[in-house]
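K.L.:
Quick one: structure below, then a few questions.
The values are calculated or read from the model by the stated rules, or taken from the named source; none is laboratory data. Predicted, not measured: the structure shown is a model, and the values here were computed from it. Positions of Cβ are generated from backbone atoms using ideal geometry, with glycine treated the same way; all protein chains shown enter the neighbour counts.
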Amino acid sequence: MQNSKLQFRIKNLFSPIYLLIVFFIIITVFVISLFLFLHQDVNIIKNKTYDVLPGATSREIAYDLAQKEIIKHPAILNFYVKLKNLDRELQAGHYEFPEEKMSLKDLIEFLASGAKAREISFTVPEGYTIDQIDDFLVNKGLVDKEEFSRAIEEEFSIFNFQFSNNFQFSISHLEGYLFPDTYRVYNGAGAEEIIKKMLANFERKISADLLAEVKNQGRSLYEVITMASILEREVKIEEDMKLVADILWRRLKSDMQLEVDSTLNYVLTDDERRASLTFDQLKIDSPYNTYKYKGLPPTAICNPGLKAIRAAIYPEPNDYWFYLSKPDGETMFAKTYEKQVMNKAKYLD
């Protein structure tokens, strides 16, 4: 009798009506839970921006958001995106979150809206120093005053480059390695992102062929970039850069002082800089004073462009030992010191 009652209950438990009730309860709990999860606030207090990489799937985005502690339940985000067919709506770009709170549902719709941060284009001129780039970016509204210089000193004081499997070097200062070019960044990108873009561009521009030639000449990239920075500041025309490069490399090889004004001007203030240095300035005790100390200065003196870099790698052989730049930018060459003195009296005095 008892077995009959048990069988009856089991039979009723698996009856269509019971199964329908259980199914309804499960769906109700799931919908309520989904609703609650979707309307929970996400953590955008510490994360004001987020980058959706090109080609990233909704699952990859969900778990990346979780790893950055912006959301807690990546599976919920991924499920909702699939449910609403938003997979193809999630657009790559740099997103700047609004100041107010944001629910998980709001976040998903925000990433699908294409409401990305505005892109800004800027061009860093050839020959700018780090300080000049800093001022330039401040004027563009991309960084705060000295943020760029501070980020370099704090975050990139030692930066390793590796351009190929057999060519690696380290530098202790980034002057010279921030490639002058046109860049596009999202508003609010910040100094660190801009620095990384400029360094990555330097890596791309310094090709394997150029690196192989540097190595073949027995020089370091530090030497070449430092020489290129001097050429960038000293000479305007590419063909003249190649001639001056040969002069300066020969001076180094002959154990002579380089005797270039631009290296000392690098450490002088704006008010102190001169097209032609004074006698007192030439006595300044600084490793950047190439009238006083032999060899290259400790660092590059600006960030040279590709023309100056190529000129430093591929100098044009000549028999000049001296040169000067006229006020109009033309370079005058001399084989003897006497001729150089005459050129100075004629074009600079």
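K.L.:
Look at residue 281 and say whether it is within 20 Å of residue 348 (Cα to Cα) and either in contact with a helix residue (DSSP H, G or I) (Cβ under 9 Å, 6 or more places away or on another chain) or surrounded by 14 or more Cβ atoms within 10 Å (Cβ to Cβ) (or both).
P.N.:
Against the criterion (within 20 Å of residue 348 (Cα to Cα) and either in contact with a helix residue (DSSP H, G or I) (Cβ under 9 Å, 6 or more places away or on another chain) or surrounded by 14 or more Cβ atoms within 10 Å (Cβ to Cβ) (or both)), residue 281 qualifies.
A quick yes/no check of all residues on (1) under 25 Å from the mean Cα position of the chain (by Cα); (2) among the hydrophobic types (A, V, I, L, M, F, W, C):
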position	(1), (2)
199	yes, yes
206	yes, yes
219	no, no
244	no, yes
249	no, yes
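K.L.:
Additional query: Hey, among 242, 335, which residue is outside the structural domain of residue 125 (by TED's automatic domain parsing) and farther than 30 Å from residue 205 by Cα?
P.N.:
Every option except 335 fails the conditions.
K.L.:
Out of the residues in segment 284-304 that are in contact with a helix residue (DSSP H, G or I) (Cβ under 6 Å, 6 or more places away or on another chain) and among the aromatic types (Phe, Trp, Tyr), state the one that is surrounded by the most Cβ atoms within 10 Å (Cβ to Cβ).
P.N.:
The qualifying residue surrounded by the most Cβ atoms within 10 Å (Cβ to Cβ) is 288.
K.L.:
Here's something else I'd like to know. Can you tell me which residues in segment 202-231 are outside any helix (DSSP H, G or I) and either touching a residue at least 60 places away in the same chain (Cβ under 8 Å) or under 19 Å from residue 130 (Cα atoms) (or both)?
P.N.:
Within segment 202-231, 206, 217 meet the criteria.
K.L.:
Now for a different question. What number of residues within segment 236-248 satisfy the criterion of being more than 17 Å from residue 295 (Cβ to Cβ), surrounded by fewer than 23 Cβ atoms within 10 Å (Cβ to Cβ) and of a type in the set (A, V, I, L, M, F, W, C)?
P.N.:
2
K.L.:
Could you look through segment 259-276, keep only residues that are in a loop (DSSP other than H, G, I, E, B) and crowded, with 20+ Cβ neighbours inside 10 Å, and pick out the one that is nearest to the chain's Cα centre (by Cα)?
P.N.:
266
K.L.:
I would also like to ask the following. Identify, from the list 286, 325, the residue that is without any contact (Cβ under 8 Å) to a residue 40 or more places away in the chain and under 34 Å from the mean Cα position of the chain (by Cα).
P.N.:
It is 286.
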